[in-house]
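Sharing a structure below in C-alpha cells format, with a few things to ask.
The values are calculated or read from the model by the stated rules, or taken from the named source; none is laboratory data. Since this is a predicted model, take the numbers as computed values, not measurements. So basically every Cβ, Gly included, is an ideal-geometry build from the backbone, and we count neighbours across all protein chains shown.
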Amino acid sequence: MLDIIKMLAEVFRAQQKQLYMVGGTVRDVLLQRGPSNDGDLATDARPEEIKRLVAPTHPTAVVLVGERFGTVRLHYDDSIIEITTFRSERYDPESRKPEVCFGDSLEDDLARRDFTINALARDPLNGHIIDLFDGRQDLEDHILRAVGNEPDKRFNEDPLRLLRAVRFAAQLDFEIESGTRAAIARQANTLQKISRERIRDEMNKLLLSPHPAKGLDLLVGLGLMEWIIPEVIELRGVSQRTATGRTSKDVYAHVLRVVERSSARPVARWGALLHDIAKPRTKSVEDNKIHFFGHEDVGAYMARDILKRLHFDREFIQNVSQVVKLHMRANAYTSDWTDGAVRRLMLDSGDILPDLLDLSRADITSYRIDKVNRAAARVQELSERCQVLQEEAERVPLRSPLDGNELMELFERGPGPWLRPIKDHLLGLVIDGVLAADDKEEATRIARQIMHEQQ
C-alpha cells in the first residue's frame, strides 16, 4: 500500500501537484497498527485532473465517488485508495448534509476536519508529518479532541461527528477530552438532523469495534442513544434481583458484557445488543421470583422494528430478529436433547446457526469461572452435535420419503391443500429420527393412516 502511495505522490509532484496522506491512513502509521489495504489521500488537483494524473499508474478501476465531494477511488488489485480534492465547507444548520466546496490549501483542509487525530497529514515522499492541532500528542495520550477551540462549532457543522467521536473512542480505546465530551452532550438532540442510513453505518462500525461496550455506554451516558435506539436506555436499572434478595445482573450491564463477549460479526453483535431488549416490557414477579416470560418473542418484534427504523435490509432484519427469537431455545440445550430437537433448532435457525451459538456462548456473563466453563462446554457439545447431524443430512437429505407426486398417485387425487399436512407429518418423523428418509413402505402405511383419520 505505501509503495503505491509513494508512486502516486511522485507522479503528482512531477506535475506540480500536492498529494498527502491524511486521516486514518496517517493515524495507522503513527499508531503502528499494521498494513492496511485502504488509503486516504488529499490533493489540490481537481477530480478530472486526478483521473488524468493516475492513468499512467494503471489502476484496475477508477471510480468518481461523488463529484460534489471530489473523491476519486482507485483500485490496485486488493488495495483501494481514495484521493480527495482539498475541501472547505459551508454548513446550513437546517440541512442534513454539509455543503462542500473545493479548496487549494492543505491547511484549510485540515482545519475543517473533526478531531485532532484526524487532522494530521504526511508527505509520502519524505515522511514529514504536518500537525497543526497537536494531533500527534493526542494520539500519544489516547485523547479524542475536537479541532479548534470551539467543539460546539465542529458538531454544528456536521452532527454525525457526535457519533464519530464515540465510534473512534470504541475503535481506539481513547478517552474523549472533557470539553469535547461536554459539547457532545449539549448537541445530542441534533442527531435528529442526520439520516437513518448514516446513523446505521456508524452504529455498525461501533458495534464491530474492539471495544463496543465502551462505545454503547458512551452513547447512553452522553444522551445520544435517545436519538438512536431509545429502547436500550430502558434496560438501565432493570434488575434481575429476586425478591428474596439474591442478586443478579442489571439487564443493561449484562447486555453490554454479552456484546463485548460476542464475535465481531454484524448479526452476532446486533443480536447480542437486542437479545434482551424486551425484558423491561415483560418483567413480572411471581412467588418472589422475577420472570421475563416471552421476552424472546416480544424482543424479536422489537428488534425488527428497531432495525427497520435504521433502514437495514430485509434479510439482515430477519436474521437478527430470528437470533433474538431463538436465543432462549439455544440456551436451554442439555445433553438429553434428542437428535430431533437439535435438528429442529438447526432447521429453524438455518444460516444464522453460527451467530445463535455465538450468542449462547456470550450470554453467560457470570463471574464464576466454573459456571462459565460449564456453559461453554454445553454450547460446544451442541455445536458438535449440529456438525454431526449436518454431515448426516448431507449424506441423506431431510425430506419426506414420499413427495407430492407419489402421494397423489397413492391416493389417486389431484394437487390440493390435503397434501401439506401429510408431507409435514412425514418430514417431522424423519427429523425426529422415527422414520428413515428412504423408508417408503413405512411412510405409505403412515400416510394411509393419516388419510383414514381425516376421512
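Please indicate, with yes or no, whether at least one residue in the stretch 125-135 is of a type in the set (Gly, Ala, Ser), surrounded by 19 or more Cβ atoms within 10 Å (Cβ to Cβ) and within 16 Å of Gly215 (Cβ to Cβ).
The answer is no; no qualifying residue exists.
Being free of Cβ contacts under 8 Å to residues at least 60 places away in the same chain and surrounded by 21 or more Cβ atoms within 10 Å (Cβ to Cβ) is the filter here, so list the residues in the stretch 302-344 that pass it.
Ala303, Leu307, Asn319, Val320, Ser321, Gln322, Val323, Val324, Lys325, Leu326, His327, Ala330
Select, from Val379, Val372, Val434, the only residue that is surrounded by 15 or more Cβ atoms within 10 Å (Cβ to Cβ), out of contact with any Cys (no Cβ under 7 Å at 6 or more places or on another chain) and at pLDDT below 85.
Val372
Going through Leu429, Leu389 one at a time, which residue ends up being in the same structural domain as Arg261 (by TED's automatic domain parsing), part of a helix (DSSP H, G or I), farther than 30 Å from Val255 by Cβ and of a type outside the set (Ser, Thr, Tyr)?
Step by step, each of Leu429, Leu389 is checked, and only Leu389 is in the same structural domain as Arg261 (by TED's automatic domain parsing), part of a helix (DSSP H, G or I), farther than 30 Å from Val255 by Cβ and of a type outside the set (Ser, Thr, Tyr).
Residues being farther than 13 Å from Tyr333 by Cβ and assigned to a loop (DSSP other than H, G, I, E, B): count how many of those fall in the stretch 356-386.
Final tally of qualifying residues: 4.
Residue-by-condition table, conditions (1) of a type in the set (A, V, I, L, M, F, W, C); (2) more than 26 Å from the chain's Cα centre (by Cα); (3) modelled with pLDDT of 85 or more:
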position	(1), (2), (3)
Met21	yes, yes, yes
Gly24	no, no, yes
Asp28	no, no, yes
Val62	yes, yes, yes
Arg68	no, yes, no
Lys97	no, no, no
Cys101	yes, yes, no
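May I pose another question? Looking only at residues that are of a type in the set (Asp, Glu) and in a helix (DSSP H, G or I) in the stretch 1-60, which one is nearest to Leu110 (Cα to Cα)?
At the first step, the residues of the stretch 1-60 found to be of a type in the set (Asp, Glu) are 3, 10, 28, 38, 40, 44, 48-49.
Add one more test, that the residue is in a helix (DSSP H, G or I), and what stays is 3, 10, 28, 48-49.
Details: Asp3: 24, Glu10: 22, Asp28: 17, Glu48: 22, Glu49: 21 Å.
Once the filter is applied, the top-ranked residue is Asp28.
Would a scan of the stretch 163-178 turn up a residue that is in contact with a Phe, Trp or Tyr (Cβ under 6 Å, 6 or more places away or on another chain) and either assigned to a helix (DSSP H, G or I) or under 23 Å from Gly223 (Cα atoms) (or both)?
Let us first name the residues in the stretch 163-178 that are in contact with a Phe, Trp or Tyr (Cβ under 6 Å, 6 or more places away or on another chain), namely none.
No.
Hey, among the residues in the stretch 246-279 that are of a type in the set (Lys, Arg) and more than 19 Å from the chain's Cα centre (by Cα), which one's nearest to Ile306 (Cα to Cα)?
Step by step, filter the stretch 246-279, then rank; the result is Lys279.
Further, regarding this structure: Would you call Leu139 buried (at least 21 other Cβ atoms within 10 Å of the Cβ) and outside any loop (DSSP other than H, G, I, E, B)? Lay out the reasoning, then the answer.
On the way: buried (at least 21 other Cβ atoms within 10 Å of the Cβ): no; outside any loop (DSSP other than H, G, I, E, B): yes.
Here the answer is no, as Leu139 does not meet what is asked.
Determine, yes or no, whether Ala341 is assigned to a helix (DSSP H, G or I), farther than 22 Å from Glu315 by Cα and not polar (S, T, N, Q).
Against the criterion (assigned to a helix (DSSP H, G or I), farther than 22 Å from Glu315 by Cα and not polar (S, T, N, Q)), Ala341 qualifies.
Considering only the stretch 122-156, state which residues are assigned by TED's automatic domain parsing to the domain that holds Leu172 and either closer than 30 Å to Ala14 by Cβ or among the aromatic types (Phe, Trp, Tyr) (or both).
Phe155 - this is the single residue of the stretch 122-156 that is assigned by TED's automatic domain parsing to the domain that holds Leu172 and either closer than 30 Å to Ala14 by Cβ or among the aromatic types (Phe, Trp, Tyr) (or both).
Something else now. What number of residues within the stretch 206-238 satisfy the criterion of being assigned to a helix (DSSP H, G or I) and surrounded by fewer than 17 Cβ atoms within 10 Å (Cβ to Cβ)?
So the count comes out to 4.
Here is a further query. Cβ contacts < 6 Å: first residue closer than 16 Å to His425 by Cβ and touching a residue at least 12 places away in the same chain (Cβ under 8 Å), restricted to the stretch 394-411; second residue outside any helix (DSSP H, G or I) and not aliphatic (A, V, I, L, M), any location; separation 6+ or different chain. Result?
Pro401/Asp439
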